[in-house]
Each structure stands twice: as structure tokens, then as C-alpha cells.
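The values are calculated or read from the model by the stated rules, or taken from the named source; none is laboratory data. The model shown is predicted, which means the values in this text are computed figures rather than measured ones. Counting neighbours? That spans all protein chains shown, and the Cβs are built from the backbone with ideal geometry, glycine included. We work out accessible area using only protein heavy atoms, side chains counted, and drop any ligands, DNA or RNA first. Shrake-Rupley method; radii C 1.70, N 1.55, O 1.52, S 1.80 Å.
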Amino acid sequence: VKDMEKKYSILVVDDDTSNLMELVSILRADYKIYAVKDGASALEKARESLPDLILLDVIMPDMNGFEVLGELRKSDKTKNIPVIFITGVNDSKSEREGLEIGAADYIRKPFDAMAVKKSVSLQLGITINSID
Amino acid sequence: MQLTQKKIIIVDDNEANLSVGRNLLKPYYEVYPAPSAAKLFNILEKLVPDLILLDVNMPEMNGYETIRRLKADKRFEQIPVVFLTAKNDEESEMEGFDLGAADYVTKPFSGPLLLRRISNQLLIEQQKRDLLASQAALQDYADNLEIKVREKTAAKTIFLANMSHELRTPMNSIVGFSELALDDDVSLKTRNYLSKILENSEWLLHIINDILEITNIESGKIDLNRVAFDLNEIVNVCRKMFMPKATENGLMLNFCIYSSIDKGLMGDPVRLRQALVNLLSNAIKFTNTGFVEFLMEIKDISNNTATVYFEISDSGVGMTPEQIGIIFDPFTQVEAGTTRSHGGTGLGLTITKNIIEMMGGSITVESTPGVGSKFSFKLTFDLIGEDEGKPKKRTMADITRKPRYAGEILICEDNEMNQHVAKETLAKVGFSTVIAGNGKIGYELVKDRMQSGEKLFDLIFMDIHMPVMDGIEATVKINELNSGIPIVAMTANIMPDDVKLYLASGMKSCIGKPFTFQELVLCLNEYFEPVSWQDENEDESNNMESDLRQKLINRFVNKNSGALNEIKDAIRDGDIKLAYRIAHNLKSSAGQLQKTCLQIAAQEVETSLKDGVNKTEPWQIGALEQELQTVIDELTPLVSEASANEISEYSYDSTAVFELFDKLEVLLGDSDPECLSLVDDLRFIKGSDELIRQIEDYDFKPAMETLEKIMEEMGLR
């Protein structure tokens, strides 16, 4: 079961270590994870490894999540990778904007493990039995 | 004058009297003549008069018999009866009064006198009624007042309960994370800060609990448990709890058990222990030199009860009779001066006294200023009946050893901080955990496992307040599945009424947030047998994998046995930097093994060797030597031969290091967070601190650069 599930890989992008840590701990059992802390590394990693899904923090220094998504969309290789934005709890503006420019979904901080798993599995088209 | 005329029945067998009376009264009252007692009762069936004029001498039923019957009937007993008696028949008059007559008039009666007597009686009746009405009004007022007071008290209790929840919830994070952080590899300075945070949070929590407890006592909300328990176990727990503190304060702590009891008792062991702990901790707190003595004696034992005498005495500061008079009042402590030096809420003794009284005892105090104090009480317990089972051996946590369990626990909890604390703390004692963010998810996890035939959880910790589905509903629903999994409430609401609700909804027990490690173990022991034990002295951090710990011990003994001589040699040779590095490493290694004394001694030396200048004092080197020897002596028997070689090889085995680095390089290159699992192994490699820090910070790119550098330095590139 594990191997089957691990055929999917997820790139997690967040400049905050504890957020990364948490998302990794939520997802590592089921997916192959790549974790990076800035937009430039995210683009580099996305092009190199072509993950099945990207969890992308909106607010990051240097290059924010919107810019990263824009760059991803410019390349044929990466334009179809679904992106889930990571937003703050009171940031409905980012959520709206994100969805407008093509994000697949968003997850809110602080993370609810089940909600994260659910939206990830939804995006990957997997049904996990334990979730209704 | 009167809007409604008063009604009077006049009873007389003499037709003439009847008619005189009737004519006399008619202008003022509504008059009903009755020629016999029988007729009177006929009329009474139809109306209730304001007064009865009653002739004494009548055939069939005389006046006395009639009044007896009137007074015996609830409907008529209040009606004033005025007797009509023959002249100078004092005996009849007295008998009439005895039977409840209101007054009498002698026949032949004078009109004005009869009218006056009647109006007097009616006035008295009116006043009686007015009085009753105002009494009722007063009572209403008092009742209202009482209801209001009760409402206020209830509001206060609810407020305190809520506050305690509000206070305990953040405390859960503070205590929990401090404990967890202390188990991490943190610097000595940080460890010191963390210990202080933990110590103070625990103290704050203790105060919150005391205040909550006194609120419960005042509102009569504390119920005593009745379970089988072992008295000796309670004494042992107290001994273990206070011995270190007493020794630290230079006090003799004696436990004199004059006669022990091999039978189990029925009662509330938790409350009894609370009382004893309060008294012992007070005794130690207020005794600067000398002794504290705990005495226990079985005074009386019969087939089904045992009376036990407890005495806690000390050679402490003592109290004057005036002070003794107030020590049991809440929020008081003798002398403002001592309050400051001894701390505390002053609630401990109030609580203790209440507990003892609830158990049917009463506490006695004897004290002399400057000589000492003695607190004593006697309690009678039922002995365990045959059908009440054996005392649970594990009702008390063994506080010197940490257990390890095996099993899987479901944590239903919405607060992330609390999830984290519960998960990590349970992991420390060997449990794997699954988190559910609300009751519904928890319920569904259980249901799914039951349906798919997967292994069920061994226990469920259930928060109460959760979104979507709260803990109470989830418990009911899970129990409907008949999974047999015990559910334990894990909540900051632990007022007795709350706890009753949890138990009523089907939870097995309750653990309050924040919980200390001890409380958690106590709770877990109700459901699990520990699979192994770890001595606290030997190992304070349970999150360290045992093989890692074994590796650390082996490494420590191998590497550091000669460390002191190396430091001395380096100082002698003038290589202060080398000496500094050795002391620094010794400090870190001691820290990894939680050998705090050695850690501190090494740090002292390290600090004195800073910046290439030797400022060490001979006593510092002496202290380090002593501490190091102690630790080496302690650890040497624990070194496992096989791995001793392996580990000493390992630190120099370039192949193993190469393999490790190789793996790490691939993972780092891939930004794969699985590289974090290699950090433990990395700790064996000198100079990898920076690398470890970067990996732990998810700074994989810089970590990659650091790794390259290290590999170059080690000649692996």
C-alpha cells in the first residue's frame, strides 16, 4: 500500500521551518516529499523533479507564491502541475487571488492535518478510505 | 362599614338563647343559628364562618366534644370559638381554653360584652391573617434573596471553572513544550531557562489547582471516591516524593510505621495522599533544621474496619495559639514575613482539613513557637470486602522510574498545540498515536478500522470542546460501535460536575490539561502494563532511542575516560585551545546523557579556558575530576562489549561515515526531508554541528554546501 501511494511526489514550499516541518510530518508517510524554503529553489526543484503537486506558501521574501505560480505557468513542463496555496487564516484576499490566477486549492495555517490530507488526495485523485 | 359581613354561627340547644343571640348580632353580622352540634357541622359543610359561638351544655354532643372535633379538622381548626358558659363555672371555662377556645361569655350574656368579645376575636383573627401574609411576603423575599445568592454563587463557580479552563489551556502548552524542549539537545543556558519556566509553570498550575479546589470545597462539590487501595503504597509514594527535598534541605525525614496492615482498605487514596502530601510539604517548608517525622499506626482493627492514626511532626518554626487559630482559614498564612519566604497560597491546610473532615476525621494541631508542630488525625476505613476486589497495585505511579508501554492511541483534539504535546509525550513512553482534529474524524477512524478489520486503537484520549462533533457526542457514538476501546477525557474542564458528565457519557476516566508526566503515567497505568522500566537517574530522556543511548554511553566511556588527563596535559603544554575543545566536547557529551553535574563542571572549566587564556582554578579541575569519575563509574558497567568496539570503530570508520554522507548527499540534493532521519547518526561525527543545525532548519541547500566542505576536510572528496 505504502509503495503504491508513494508513487506520488509533492513539493512543499514555505519559508517558515515549522510550517515545513508540520506539512512534512503530515504527508511524509504517504508521499515522496521535497521541501524547499524559497521561491527560486521551488522553481528549480519543480523543473528538475516534476512533482505531482506543489504546496506553495503565498507570502515569502524575494519571490512570493503568486510569482512562483506565474513562472511555473510559463513553462510547458510545469504549467500543469496543480498548486495548492498555503495561506494565513485571515487572508481571504490571497485565497481569492490565488484561485483566480489558477491555484487548484488552498490550505490555511494553522494546518488541520485531516484537511491537508484531504485536499492533497483530492488533487491527486486518490480516495483515502478513512476520510468521508 | 364592612363591605362583606362576617359570618357567625351560634350553637345553642336553647331556643330562647339562640334567638336572643341572633337578634343581637344580626345588625352587624351574618348569623347562622344551629340548635345542635349536628346542625353546626351541617352548616360547616356549606360555609366557613369567621367565628363560632358555642354553648357548652348541650345534649347528644356537648361543647367540649364539639370543639375537639372542630380542632381536629384541618378545615375548621382556625375558626375562633367563643364558649357560652353558665355563670361562675370556672372549671368549664378553663377546660374550654385547654381545648382551644378563644374566649368565653357567661350566660345570660350582656349584649355589648358579647359584641365586644366577638369583635375582639375577629380583630385578632384579622391581625393573625395580616401577620401570616407579611410573614409569607418576608419568606418570599428571603427565598428570592437566597435564590439570588445561590445564582451568584453558581455564577462565581462557573466563572472560576471557566477561568480555570482558560488558565489551564495555555498552561498545557507551556508545561508540555518546556518538558519536550528539555528532552531535546539544548544548550546548558537554554536548559537552565527551560527548567525555570517549567518549575514556575508547575508552581502556577499548583496554585490554580488549589484555588479551584477551594471553590469546589466551598460549593460542596467534592465527592470522595470509594475504591480499594493499599495504604502502604501511599506511604511509600510520600516517602519517595519527599526524601530528595528533605535531604537537599539537610533534614532528617523519618517514616515510622508502627503497625502496618496487609489488607486493602476502601476509600479515596488520591484525596488521602493529597492530605498527607500537603502536611508533609508544609512540615518540610517550615523546618529549617532538624527533623520531619511521619508516623502511622493502626489503632483499631475489627473484621470490617480499621482505624488509622496519622501524625506529621517537625522541629520547625512552630506557631503560637493565635496563629494556630487561623491556619485553617483560607488564604491565610502565619506572619506576612513567612509568606514571603515560604510562598504558597495558604490554601493547602484549608483543603487538607476539609478532606480529612469529609473522610470522617478531624485534624488536631499542637505547636510551640521555635520548637515545632504536630498535626495528627485519625481515620476509619472499611476493610476490603470479599466482593470488592483487590487493591489495584498500580494506583500510584512509581515516581522514580519511567515506564515504557506499547500500543496505539487515538487523540481526538482540535488544538494543535495540545495535539503536539500529547503526541510527543505519549511517544516518549512508547506509544504510537493517531490524531483526529474533531470528534467526528475520531469516530470515523474507529468505525473504519472496525469495518476493515484493522487493529483497533488501544485507548482514546478525548478532548471535550471540539468543532463539528464534541467529545461527549463522539464518545457516545464510539461506544455505540461496541469497539471496547476505553475512552479517557483529556480536557481542561475538570470541575466535579464536568467529570460526572464525562463518566455518564461513557468515558472511563479523565485527565486534566495540563497534565504532568506523572499524571499521565498514573492515567496510562489504569489501562496498560508497562513493557519495561527506565530508571530516572539512569535516563531522564525517554525519547532517546535505547540503541542510540547505548551508542552514546559506549562512546562516552570510550572517549572521555581520559578526558581530564588530556585537559591537564593540554594546559601543561600551553595548548589552551585544545584544552578548551576537550572541555567543550565533554560538556556536550555529558549533556547528551543528561549528566547535569558533570555538564556544569565541564562548562565551568570550558568558560575558564576561553579565548586561549587559562583562568582555571584548581577546585574547578578537582570538581570536574570528581564528577567525571562518578559518571564513568556509573556508565562503565553499562557499556556493551560488542557495540563498544563497533562504536569506537565507527567514529573512525570512514566507510560508515562515507555511506552516511553518501545517503545524505542524495537526500539533500533532492531536498528530501527524509534526510532528517540521519541527524541522529550525524551526531557521532565531530564537527557536524553546523550541518545538523542546517538540516534541522530545512536549509537543505546550505547544508549541502556544509556537507561538501566536511567531506573535503575529511578527505572523502
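Before moving on, here are some points about what is shown:
- Where strands (runs of 3 or more DSSP E) fall entirely within the range B:344-415, those with at least 3 residues that are at pLDDT below 85 are at B:401-404.
- The residues of the range B:420-452 that are of a type in the set (S, T, N, Q), part of a helix (DSSP H, G or I) and either within 8 Å of chain A (Cβ to nearest Cβ) or open to solvent by 30 Å² or more (accessible area, probe 1.4 Å) (or both), listed by number, are B:Gln451, B:Ser452.
- In the range B:491-527, the residues that are open to solvent by less than 30 Å² (accessible area, probe 1.4 Å) and in contact with a Phe, Trp or Tyr (Cβ under 7 Å, 6 or more places away or on another chain): B:Leu524
- Count - residues of the range B:29-57 that are in contact (Cβ under 8 Å) with a residue 60 or more places away in the chain and not charged (D, E, K, R): 3
- Filter result for B:Asp539 (of a type in the set (D, E, K, R) and modelled with pLDDT of 85 or more): no
- Taking the numbered list (1) touching a helix residue (DSSP H, G or I) at 6+ places or on another chain (Cβ under 9 Å); (2) exposed (fewer than 15 other Cβ atoms within 10 Å of the Cβ); (3) closer than 30 Å to B:Asn418 by Cβ in turn, A:Ser92 passes all entries but (1).
- Any hit, the range B:672-690, residues being of a type in the set (Gly, Ala, Ser) and under 20 Å from B:Asn585 (Cβ atoms): yes
- Matching residues, the range B:473-508, being within 18 Å of B:Asn418 (Cβ to Cβ), out of contact with any Cys (no Cβ under 6 Å at 6 or more places or on another chain) and not in a helix (DSSP H, G or I): B:Ile487, B:Val488, B:Met490, B:Thr491, B:Ala492, B:Asn493, B:Ile494, B:Met507
- Test: residue in the range A:98-117 that is open to solvent by 60 Å² or more (accessible area, probe 1.4 Å), among the charged types (D, E, K, R) and more than 14 Å from every other protein chain (Cβ to nearest Cβ): yes
- Test: residue in the range A:50-57 that is within 11 Å of another protein chain (Cβ to nearest Cβ) and without any contact (Cβ under 8 Å) to a residue 60 or more places away in the chain: yes
- Counting only strands (runs of 3 or more DSSP E) that sit completely within the range B:201-292, those holding 3 or more residues that are closer than 20 Å to B:Phe375 by Cβ and either open to solvent by 70 Å² or more (accessible area, probe 1.4 Å) or not assigned by TED's automatic domain parsing to the domain that holds B:Gln518 (or both) correspond to B:252-257.
- As for the range B:142-154, it holds at least one residue that is modelled with pLDDT under 85 and under 20 Å from B:Asn493 (Cβ atoms).
- Just so you know, in the range B:671-686 the residues that are open to solvent by 60 Å² or more (accessible area, probe 1.4 Å) and in a loop (DSSP other than H, G, I, E, B) include one that is farthest from the other protein chains (Cβ to nearest Cβ), and it is B:Lys686.
- Among the conditions (1) open to solvent by less than 60 Å² (accessible area, probe 1.4 Å); (2) in contact (Cβ under 8 Å) with a residue 40 or more places away in the chain; (3) over 19 Å from B:Ala492 (Cα atoms), B:Ile124 misses just one, which is (1).
- Residue within the range B:186-199 that is open to solvent by less than 70 Å² (accessible area, probe 1.4 Å) and either in the same structural domain as B:Glu424 (by TED's automatic domain parsing) or under 22 Å from the mean Cα position of the chain (by Cα) (or both) present: yes
- Scanning the range B:687-708 for residues that are open to solvent by 50 Å² or more (accessible area, probe 1.4 Å) and more than 14 Å from chain A (Cβ to nearest Cβ) turns up B:Gly687, B:Asp689, B:Glu690, B:Glu708.
- In the range B:453-466, of all residues being part of a loop (DSSP other than H, G, I, E, B) and either under 12 Å from A:Met114 (Cβ atoms) or open to solvent by less than 40 Å² (accessible area, probe 1.4 Å) (or both), the one that is farthest from the other protein chains (Cβ to nearest Cβ) corresponds to B:Ile464.
- Residues located in the range B:127-169, provided they are of a type in the set (S, T, N, Q), more than 30 Å from B:Glu202 (Cβ to Cβ) and open to solvent by 70 Å² or more (accessible area, probe 1.4 Å): B:Gln127, B:Gln135, B:Gln139, B:Asn144
- The residues of the range A:8-22 that are within 9 Å of chain B (Cβ to nearest Cβ) and aliphatic (A, V, I, L, M), listed by number, are A:Leu11, A:Val12, A:Leu20, A:Met21.
- Subset of the range A:28-42 that is among the aliphatic types (A, V, I, L, M) and buried (at least 22 other Cβ atoms within 10 Å of the Cβ) - its residue that is farthest from the other protein chains (Cβ to nearest Cβ): A:Ala42
- Of residues in the range A:60-86 being more than 19 Å from A:Gln123 (Cβ to Cβ) and touching a residue at least 40 places away in the same chain (Cβ under 8 Å), the one surrounded by the fewest Cβ atoms within 10 Å (Cβ to Cβ): A:Pro61
- The range B:690-717 residues that are at positive phi, paired with ones that are assigned to a helix (DSSP H, G or I) and among the hydrophobic types (A, V, I, L, M, F, W, C) (beta carbon under 6 Å, 6 or more apart): B:Tyr698/A:Leu20
- Residues in the range B:398-415 that are under 25 Å from B:Val468 (Cα atoms) and either hydroxyl-bearing (Ser, Thr, Tyr) or open to solvent by 50 Å² or more (accessible area, probe 1.4 Å) (or both): B:Asp414, B:Asn415.
- Condition check for B:Ala38: over 24 Å from B:Phe97 (Cα atoms) and either open to solvent by 10 Å² or more (accessible area, probe 1.4 Å) or in a strand (DSSP E or B) (or both): no
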